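To start, the structure itself, in structure tokens.
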Amino acid sequence: MKNLSLSLNIVSLLAIAVLFYLHFSGPKAAVETVDAPETASMTDTLVANAGPVNIAYLRTDSLLKGYKLVKEVNEQMIAEQMRLEKSMKRKIDAFQQEYLAAQQQATTMTQQQIEALQAEFQQKEQGLMKTQQNMEQSLLATEKAKNVALYAKINVLLKEFSKENGYSYVLGYDPPGDVMFANESMDITNEVVEMLNANYDKENAPAEAAK
């Protein structure tokens, strides 16, 4: 009996499960640090530096939740992921329909024709898998670019904030982590989030309102 048989991985093509969570550990330093000898501890280095050393910290989880730009970027990435998934699903649906139609026609084909058709569908299957990989790479590249822009905005503001308030270091506090304890009086998270959101609102204000 003549039939068309292909080993297809259609289910795997449907599973475009690229998860996006914009996470960063917070800037480790807002200004240039002083290189210390390998044997010196951080405390020894700070004591050795001339002048007072003021340190502040950011609760990175609160920064992520409170900064409006993070929410916007997350929404953009989710929307882009959904767009790519829908595009991929349309391609897979079209492929499946074409494959089912070919199966019905296979009963009237010669063995040589069937083998040629099998090779054609295998190439199309590989093409779909390549398309999936390209979509995932595109999504990751977009995420990386948006994260770089996000970091840049935060770093610029932290440098200005640190200069105005005399901070030598701004640490990222995200328990459990390297910083085991931090005095709440050194917490500048709310101030920084308010300033970041104020800049965000200004940048995204309607043209008339901005005048």
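Tell me, yes or no, whether the stretch 80-87 has at least one residue that is within 29 Å of residue 136 (Cβ to Cβ), acidic (Asp, Glu), under 16 Å from the mean Cα position of the chain (by Cα) and at pLDDT 85 or above. Yes, because at least one residue in the stretch 80-87 is within 29 Å of residue 136 (Cβ to Cβ), acidic (Asp, Glu), under 16 Å from the mean Cα position of the chain (by Cα) and at pLDDT 85 or above.
Please verify whether residue 99 is at pLDDT 90 or above and in a loop (DSSP other than H, G, I, E, B), treating the condition exactly as stated. No, not satisfied.
Tell me, which residue of the stretch 163-182 that is touching a helix residue (DSSP H, G or I) at 6+ places or on another chain (Cβ under 6 Å) and not in a loop (DSSP other than H, G, I, E, B) is modelled with the lowest pLDDT? Across the stretch 163-182, the extreme among qualifying residues is 172.
Checked against the criterion of being in contact (Cβ under 8 Å) with a residue 40 or more places away in the chain and not polar (S, T, N, Q), the candidates 178, 187 yield just one match: 187. I'd like the residue in the stretch 130-143 that is of a type in the set (A, V, I, L, M) and surrounded by 12 or more Cβ atoms within 10 Å (Cβ to Cβ) and, out of all such residues, is farthest from residue 93 (Cα to Cα). Top of the filtered list is 140. Here are some residues: 194, 143. Which one is within 30 Å of residue 79 (Cβ to Cβ), touching a Phe, Trp or Tyr at 6+ places or on another chain (Cβ under 7 Å) and not in a loop (DSSP other than H, G, I, E, B)? Going through 194, 143 in turn, the sole match is 143. Out of 114, 92, 78, I need the residue that is part of a helix (DSSP H, G or I), exposed (fewer than 12 other Cβ atoms within 10 Å of the Cβ) and of a type in the set (Val, Ile, Thr). Which one? Only one candidate qualifies: 78.
Inclusion of residue 104 among residues that are exposed (fewer than 14 other Cβ atoms within 10 Å of the Cβ), touching a helix residue (DSSP H, G or I) at 6+ places or on another chain (Cβ under 7 Å) and either hydroxyl-bearing (Ser, Thr, Tyr) or in a helix (DSSP H, G or I) (or both) is not warranted. State whether the residues of the stretch 149-157 include one that is over 18 Å from residue 76 (Cβ atoms), surrounded by fewer than 16 Cβ atoms within 10 Å (Cβ to Cβ) and in contact with a Pro (Cβ under 9 Å, 6 or more places away or on another chain). Yes, that holds for at least one residue.
Evaluate the following for residue 177: is it in contact with a Pro (Cβ under 7 Å, 6 or more places away or on another chain), surrounded by 11 or more Cβ atoms within 10 Å (Cβ to Cβ) and not hydrophobic (A, V, I, L, M, F, W, C)? So residue 177 fails the test.
Does the stretch 50-60 include one or more residues that are at pLDDT 50 or above and either among the hydroxyl-bearing types (Ser, Thr, Tyr) or part of a helix (DSSP H, G or I) (or both)? Within the stretch 50-60, one or more residues are at pLDDT 50 or above and either among the hydroxyl-bearing types (Ser, Thr, Tyr) or part of a helix (DSSP H, G or I) (or both). Of all residues in the stretch 126-162, those being without any contact (Cβ under 8 Å) to a residue 60 or more places away in the chain and closer than 30 Å to residue 188 by Cβ number 8. Might you check whether a residue that is of a type outside the set (Gly, Ala, Ser) and under 30 Å from residue 204 (Cβ atoms) occurs anywhere in the stretch 97-115? Within the stretch 97-115, none of the residues are of a type outside the set (Gly, Ala, Ser) and under 30 Å from residue 204 (Cβ atoms).
Residues in the stretch 175-189 that are in contact with a Ser or Thr (Cβ under 8 Å, 6 or more places away or on another chain) and within 15 Å of residue 66 (Cα to Cα): 189 only.
The values are calculated or read from the model by the stated rules, or taken from the named source; none is laboratory data. Please read all numbers here as calculations on a predicted model, not as lab measurements. Counting neighbours? That spans all protein chains shown, and the Cβs are built from the backbone with ideal geometry, glycine included.
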